[in-house]
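Trainee: Let me begin by handing over the structure; questions about it come next.
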There are 2 protein chains.
Amino acid sequence: MKTEPSRATASVPARDRLLSAAVEAFGELGYASTTTRDIASRAGMSPAAVYVHHAAKEDLLFAISHEGHREALEVLRSASASSTEPLARLHRMVHDFTDWHVRNSRIARVVQYELDALSSEHRADVAEMRHDIVNAVCEVLEAGANDGSMQVTSTRSTALAILSLSIDLVRWYKPGSSASADHLPGLHAALAVRMVAASAAS
Amino acid sequence: MKTEPSRATASVPARDRLLSAAVEAFGELGYASTTTRDIASRAGMSPAAVYVHHAAKEDLLFAISHEGHREALEVLRSASASSTEPLARLHRMVHDFTDWHVRNSRIARVVQYELDALSSEHRADVAEMRHDIVNAVCEVLEAGANDGSMQVTSTRSTALAILSLSIDLVRWYKPGSSASADHLPGLHAALAVRMVAASAAS
């Protein structure tokens with residue numbers, strides 16, 4: 001699930017086609033109003049064929065949610081490991097996290113808005129990754145507070161506020177708006193650094 | 001949620017009960033899965049009585065969404081008028097906007113997550129208020145850039161990022177979590193000021 005779903009084509013593996021079709025249907029109709037038939041027809045498959053891959057539409061939502069969270073977490077961790085300097089690490093993390101949300105805004109929107117539709121077992125799986133995402137930011141804020149490069153009051157709430165810059169763009173961002181796509185990652189990264197950088201005067 | 005003064009006095013309590021019941025039902029079940037019967041039973045009314053006040057559940061969603069946006073916009077405008085100093089105005093705006101979202105997180109969550117369920121006419125009404133909300137923040141950022149108290153690159157994207165601090169809390173905030181309720185408004189206000197304040201060195 002590297003890129004936003006496009007119309008299903010025969011050359012794409014069936015599972016990928018199904019996930020893309022499900023993102024499209026959940027995004028347009030809402031999860032509750034989407035039927036297995038809606039997803040099947042968008043994927044160019046029979047409803048019976050859908051069940052070969054996924055027992056129910058909740059399984060599709062979970063697959064989308066699990067992979068989306070796993071990718072987003074991987075983006076943050078890899079950015080976090082890109083430097084030893086806390087402000088540089090934070091800059092890269094916010095840059096790449098916003099970039100991921102810009103490129104995957106439809107997936108991210110479904111994942112965020114339909115979280116309550118997951119079974120409790122599946123929700124627990126996703127909750128663990130969401131916890132790890134917040135912790136990845138907390139860790140760099142603590143490193144910055146420790147070496148004096150950052151001034152942080154309330155680590156966890158500040159981490160949540162920083163993540164909000166990237167995550168909340170799925171509420172208003174229109175996929176394909178290339179001007180935003182180009183400047184948002186750099187802008188958000190700079191804003192996040194200003195939020196916590198120790199002032200030059202201190 | 002405040003009631004509209006123009007409504008007949010006798011109908012006010014019933015209408016309030018209905019809106020509260022609708023927020024509760026939409027929040028728990030999702031808009032698409034909620035029936036008029038669900039709302040009626042939570043409000044202690046018959047389904048027929050619901051129709052006396054609102055023709056359909058979309059009317060209830062619109063009433064919730066319209067009043068929520070109107071209140072949130074009023075909070076921002078009143079905070080914006082509280083000072084002539086741009087950084088002080090921004091601090092108060094973000095403080096009060098976050099405070100409103102903390103106190104109305106269930107309403108705000110329904111309003112944000114179910115925007116696509118509104119009719120196109122109702123969505124246009126709400127879109128105008130959302131536009132005004134972004135513009136209220138743009139205006140104070142422009143004032144700060146003009147008098148040199150702020151350094152702002154990309155006014156509109158920065159306004160959206162600042163609003164995200166308050167709006168995105170409805171995604172994770174649990175109503176009744178009093179520790180967050182107490183410190184989030186002040187924290188978000190301070191973070192927003194740091195995002196745009198002209199550095200002491202310049």
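The values are calculated or read from the model by the stated rules, or taken from the named source; none is laboratory data. What you see is a predicted model, and the numbers here were worked out from it, not measured in a lab. Cβ placement follows ideal geometry from the backbone for every residue including glycine, while neighbour counts extend to all protein chains displayed. Calculation scope for accessible area: heavy atoms of the full protein, side chains included, ligands and nucleic acids excluded. Shrake-Rupley method; radii C 1.70, N 1.55, O 1.52, S 1.80 Å.
Trainee: Name the residues in segment A:52-75 that are open to solvent by 40 Å² or more (accessible area, probe 1.4 Å) and among the aliphatic types (A, V, I, L, M), would you?
Mentor: A:52, A:55, A:56
Trainee: Here's a follow-up. So in segment A:30-46, with the set limited to residues that are open to solvent by 40 Å² or more (accessible area, probe 1.4 Å) and outside any loop (DSSP other than H, G, I, E, B), which one is nearest to residue A:102 (Cα to Cα)?
Mentor: The first filter runs over segment A:30-46 and keeps only residues open to solvent by 40 Å² or more (accessible area, probe 1.4 Å), leaving A:32-33, A:35, A:37-38, A:41-42, A:44, A:46.
With the extra rule that they be outside any loop (DSSP other than H, G, I, E, B), the set shrinks to A:37-38, A:41-42.
On the way: A:37: 29, A:38: 26, A:41: 27, A:42: 24 Å.
Result: A:42.
Trainee: Tell me, which residue of segment B:164-177 that is of a type in the set (A, V, I, L, M, F, W, C) and within 15 Å of the chain's Cα centre (by Cα) is nearest to residue B:110 (Cα to Cα)? Working first, answer last.
Mentor: Going residue by residue through segment B:164-177, those that are of a type in the set (A, V, I, L, M, F, W, C) are B:165, B:167, B:169-170, B:172.
Narrowing the set further to residues that are within 15 Å of the chain's Cα centre (by Cα) leaves B:165, B:167, B:169-170.
Numbers: B:165: 18, B:167: 12, B:169: 13, B:170: 9 Å.
Among those residues, the one meeting the criterion is B:170.
Trainee: Would you tally the residues in segment B:164-176 being facing another protein chain (nearest Cβ under 7 Å) and open to solvent by less than 20 Å² (accessible area, probe 1.4 Å)?
Mentor: Filtering segment B:164-176 for residues facing another protein chain (nearest Cβ under 7 Å) gives B:164-165, B:167-168, B:171-172.
Still in the list and also open to solvent by less than 20 Å² (accessible area, probe 1.4 Å): B:164-165, B:167-168.
Residues that pass the stated criteria total 4.
Trainee: Can you give me the number of residues within segment A:112-134 that are charged (D, E, K, R) and within 13 Å of chain B (Cβ to nearest Cβ)?
Mentor: Step one: of segment A:112-134, the residues charged (D, E, K, R) are A:114, A:116, A:121, A:123, A:125, A:128, A:130, A:132.
Subset that is within 13 Å of chain B (Cβ to nearest Cβ): A:114, A:116, A:130.
Summing the residues that are charged (D, E, K, R) and within 13 Å of chain B (Cβ to nearest Cβ) in segment A:112-134 gives 3.
Trainee: For segment B:182-202, how many residues are modelled with pLDDT under 95 and either touching a helix residue (DSSP H, G or I) at 6+ places or on another chain (Cβ under 7 Å) or at the interface with chain A (Cβ under 7 Å from one of its Cβ atoms) (or both)?
Mentor: Residues flagged as modelled with pLDDT under 95 and either touching a helix residue (DSSP H, G or I) at 6+ places or on another chain (Cβ under 7 Å) or at the interface with chain A (Cβ under 7 Å from one of its Cβ atoms) (or both) within segment B:182-202 amount to 4.
Trainee: If the Cβ limit is 8 Å and pairs must be 6+ apart or interchain, which residue in segment A:146-174 that is more than 20 Å from residue B:115 (Cβ to Cβ) and modelled with pLDDT of 95 or more pairs with which residue that is β-branched (Val, Ile, Thr) and surrounded by fewer than 22 Cβ atoms within 10 Å (Cβ to Cβ)?
Mentor: What qualifies is A:156/A:134; A:158/A:152; A:159/A:134; A:160/A:134; A:163/A:133; A:163/A:134.
Trainee: Given A:109, A:130, A:171, A:123, which one is charged (D, E, K, R) and either closer than 25 Å to residue A:82 by Cα or in contact with a strand residue (DSSP E or B) (Cβ under 8 Å, 6 or more places away or on another chain) (or both)?
Mentor: Working: A:109 fails: either closer than 25 Å to residue A:82 by Cα or in contact with a strand residue (DSSP E or B) (Cβ under 8 Å, 6 or more places away or on another chain) (or both); A:171 fails: either closer than 25 Å to residue A:82 by Cα or in contact with a strand residue (DSSP E or B) (Cβ under 8 Å, 6 or more places away or on another chain) (or both); A:123 fails: either closer than 25 Å to residue A:82 by Cα or in contact with a strand residue (DSSP E or B) (Cβ under 8 Å, 6 or more places away or on another chain) (or both).
Answer to the check: A:130.
Trainee: More than 7 Å from every other protein chain (Cβ to nearest Cβ), of a type outside the set (Lys, Arg) and open to solvent by less than 40 Å² (accessible area, probe 1.4 Å): is that true of residue A:179 in this structure?
Mentor: No: the conditions fail for residue A:179.
Trainee: List pairs: first residue in segment B:76-100 and under 16 Å from residue B:194 (Cβ atoms), second residue crowded, with 24+ Cβ neighbours inside 10 Å and among the β-branched types (Val, Ile, Thr) anywhere in the structure, Cβ distance under 6 angstrom, at least six positions apart or on different chains.
Mentor: From residues that are under 16 Å from residue B:194 (Cβ atoms), the pairs are B:86/B:140; B:89/B:140; B:90/B:140.
Trainee: Let me ask you something else. For segment A:148-163, give me the residue count where each residue is part of a helix (DSSP H, G or I) and more than 9 Å from chain B (Cβ to nearest Cβ). So that I can check it myself, show each step before the final result.
Mentor: Of segment A:148-163, the ones part of a helix (DSSP H, G or I) are A:155-163.
Right, trim to more than 9 Å from chain B (Cβ to nearest Cβ) and you get A:155-156, A:159.
Of the residues in segment A:148-163, 3 are part of a helix (DSSP H, G or I) and more than 9 Å from chain B (Cβ to nearest Cβ).
Trainee: Out of curiosity, is residue A:161 open to solvent by less than 10 Å² (accessible area, probe 1.4 Å), within 22 Å of residue A:186 (Cβ to Cβ) and either over 12 Å from the mean Cα position of the chain (by Cα) or among the charged types (D, E, K, R) (or both)?
Mentor: Against the criterion (open to solvent by less than 10 Å² (accessible area, probe 1.4 Å), within 22 Å of residue A:186 (Cβ to Cβ) and either over 12 Å from the mean Cα position of the chain (by Cα) or among the charged types (D, E, K, R) (or both)), residue A:161 qualifies.
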